[in-house]
Amino acid sequence: MDKDLLYISDLDGTLLLPDGSFPEDFKRRLNRLIDMGMRFTIATARNYDSAHPILNGLNLNLPIILFNGVYLADFDSGRILVYSHSIEKTVVENMLKLALPRGIDPFIYTFEEKHKLYYQNATNPGSQAYVKSLDGDGRLNQVKCFEFQEEEKISGFLLIDTHDRLEPIYQSLQEKHFDHLNIYFAEDVSMKGYYWLQSFHQKASKGNMLETLAQKLEIP
């Protein structure tokens, strides 16, 4: 295998089946290629706690790109090797002022010593399905109000609702924070009629973290 080539795959909509599963036969085929020397890794919007159980049994020996490029992590341990950029708390406060009065439920991802995912309520089928999908996930914390520790970094946030209800928030965030946020606004593939408005720091992307990984591996 050519050592100057690095093969990258996403998970959802790419390597995984539509139901989110990763068949053992797929793993065996990939493992044969990896064992032959193919340099292969994953770049996903998922966090470690979500990605690792799915990939268990895959012989990944390179770091994986997580949370749309916010983290580069060791596959076996989940230890963060590179942390990209966090969102300023003032930007999150502005988002909350837009979302909460409209009855929209934010999910806020943070990192200090551990990853955490805060939310107050899940009041529509889209957000309820998301909470259900995280059943047993140690990151999930339901809170009465959003309060963050001084050293706690905000990795990203997510709003789930209908297009019409999220559109004004999307437009406002784009206008006010176009130089700070990288915003994804698209329909939820598993819950038709509901949309995800998810945001990270503008410099946090799979592409940027891929360049960092390539430099670490000395791939031209």
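No value in this document is a laboratory result; all are computed from the given coordinates. The structure displayed is predicted, hence computed values, not measured ones. Positions of Cβ are backbone-derived with ideal geometry, glycine not excepted, and every protein chain shown enters the neighbour counts.
Net charge within 13 Å of Thr90 by Cβ-Cβ distance, Lys/Arg positive one each and Asp/Glu negative one each, not counting Thr90 itself?
+1
Let me make sure I get this right: for region 90-180, a, b and c are the square roots of the gyration tensor eigenvalues over alpha carbons, sorted descending. Under 1.5 in a/c it's rounded, otherwise prolate if a/b > b/c, else oblate. Which is it?
oblate
Determine, from the Cβ-Cβ distance of Leu134 and Leu6 and an R0 of 22 Å, the FRET efficiency 1/(1 + (r/R0)^6), rounded to the nearest 0.05.
Calculated value: 0.10.
Against the longest alpha carbon principal axis of the chain, how many degrees, from 0 to 90 and to the nearest 10, is the axis of helix 206-216 turned?
The helix 206-216 is inclined about 40 degrees to the chain.
Around Glu167, with a cut-off of 14 angstrom between Cβ atoms, what is the net charge of the other residues, counting Lys and Arg +1 and Asp and Glu -1?
Spelling it out: positives minus negatives among the neighbours equals -2.
With both bridge residues required to lie in region 89-201, what share of the DSSP beta bridges run antiparallel, to the nearest 5%?
90
Can you check what the net charge comes to around Ala45, using other residues whose Cβ is under 9 Å from the Cβ of Ala45 (Lys, Arg +1; Asp, Glu -1)?
0
So how far apart, in nm, are the two label points at Gln120 and Asp19 if each is 7 Å from Cα heading toward Cβ?
It is 3.8 nm.
Would you kindly calculate the mean projected area, averaged across all directions, of the convex hull enclosing the Cα atoms of region 1-131, in square nanometres?
9.6
When the convex hull of the C-alpha atoms of the chain is computed, what volume per residue in Å³ does it have?
Once divided by residue count, the hull of the chain is 122 Å³.
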